[in-house]
Each structure stands twice: as structure tokens, then as C-alpha cells.
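The values are calculated or read from the model by the stated rules, or taken from the named source; none is laboratory data. Keep in mind the model is a prediction, meaning the values are calculated, not measured. Neighbour counts run over all protein chains shown; Cβ positions are idealised from the backbone, glycine included. Just the protein is used for accessible areas: all its heavy atoms, side chains included, with ligands, DNA and RNA removed. Shrake-Rupley method; radii C 1.70, N 1.55, O 1.52, S 1.80 Å.
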Amino acid sequence: DSSYCSGATYSVFIEALNLINPNYINNFSPAALEALKTQRADGSARPDNELFWGLWNNDFWGIYDAMVNYAGVGEVVSPYDAQPGDFMKIQWTASTGHFVVFLGWIKGANGLPVGVRYWSSNQGTNGYGESEHSISSIYALLVVRLSNPDNLSKLNPSQVITPLKVNQAGFVLK
């Protein structure tokens, strides 16, 4: 399995842009297009925290850093208001994290969420696929909805942001 969760969710993000407006690319400056690429112009991998992709790929709240803080194309929503297709960062109780596309809540007999269903690159699916986990295995969640995709055409790639750390964002479930 050579896929990984941030790359899987990023491909969904790019495909969503293509579905919303197949001509987006025509509205981007060369610098904005460069910011979205996963590699530098010389072909080397774009490091974490560098431009849009590097922010998305960082180990903490990358979807927030890229979509909300850097590009202004997304908004944070409460996990309980999440809709299928929203981007979610799960911080597990074991301290590792996972980038996913939210599919829905698994609800208990009382109607409250007891688990989450999502799509991503997962070990359990040996690559891309749907998975689910109990809320008891989750420490915190951050949900970002693509709400202002037109802002990408206004992206100023030279801006610098300070990426969030785990203890600065997210909805703690415990």
C-alpha cells in the first residue's frame, strides 16, 4: 500500500474543485497553481508547511491550515454539523492522526453518535476505502467544509502563516 491519508483527501479536494468548476485552473496565477502542487518546480517533494499542499500535508491540523488559515476556501464546522464530503482530521487517543472525508455518523439507540464513517487511505482497506471507528478511540476532531472555492483564484502564495498545533484547535470529545 503506497497511499497515504493526506494525499487521498487532497485528491478529493482537487476533484471537488474540478466538479464545481472545470475551468478553475484558467483563473489561477502561475504562483497560485504552484502553491497547489505537491512537488516543487524542480520535481522534489514539497515539504510540510510550504504553500497550500505543504500546509495540507502537515502532521497537525493541515486541512485547517491550508483551507481556512492560508487560502480562505473553507470554514470550520462543529463535528455534529458535519455533512458527507466535509474534510475531517481525526486525532486518535493514541496521539496519531488521520485525514479523512466524512461520510456520516454511526448513531446509538439514543440517536447520539457512537462512531464515525469516513473515506480515506486506510490500513484496514489496504489503500483507499471506507472505514469506521468508535468515538471512544477519538480524542479530537476538526471538520472543515469547502465553502469559498473562488478564493483560490485570489490566493497570495507568498503569505506566511503559523500552522496550528494539536492543542490549539479541534473539538475535544473526551
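Taking all protein chains together, Tyr128, Tyr139 sort by accessible area into Tyr128, Tyr139, largest first [probe 1.4 Å].
Computed over neighbours whose Cβ is under 14 Å from that of Glu34, the net charge equals +1, Lys and Arg +1, Asp and Glu -1.
The local environment of Val114, defined by Cβ-Cβ distances under 11 Å, has a net charge of 0 under the rule Lys, Arg +1 and Asp, Glu -1.
Ligands, DNA and RNA are left out, and with a 1.4 angstrom probe the accessible area of the range 1-141 is 48 Å² per residue. Using a cutoff of 8 angstrom between alpha carbon atoms and counting only pairs six or more residues apart, the relative contact order for the chain works out to 26 percent. Taken about its Cα centre, the chain carries a charge dipole of about 240 debye when Lys and Arg each add +1 at the Cβ and Asp and Glu each add -1 at the Cβ. For the range 90-170, averaging the sequence separation of C-alpha pairs within contact (under 8 Å, six or more residues apart) and dividing by the residue count gives a relative contact order of 24 percent. Note on the chain: with neighbouring protein chains present and a 1.4 Å probe, carbon and sulfur make up 50 percent of its accessible heavy-atom surface. For the chain, the equivalent ellipsoid derived from the Cα gyration tensor has semi-axes of 28, 16, 16 Å, listed largest first. Computed over the range 1-83, relative contact order equals 15 percent, with contacts defined as Cα pairs under 8 Å that lie 6+ residues apart. Here Thr38 sits with roughly 60 square angstrom of accessible surface, probe radius 1.4 Å. The loop-placed chymotrypsin sites (Phe, Trp or Tyr not before Pro) in the range 1-62, going by DSSP, that have at most 15 neighbouring Cβ atoms within 10 Å of their Cβ come out as Tyr4.
Local charge sum around Ile14 (other residues, Cβ-Cβ under 15 Å, Lys/Arg +1, Asp/Glu -1)? Once all neighbours under 15 Å are counted, the net charge is 0.
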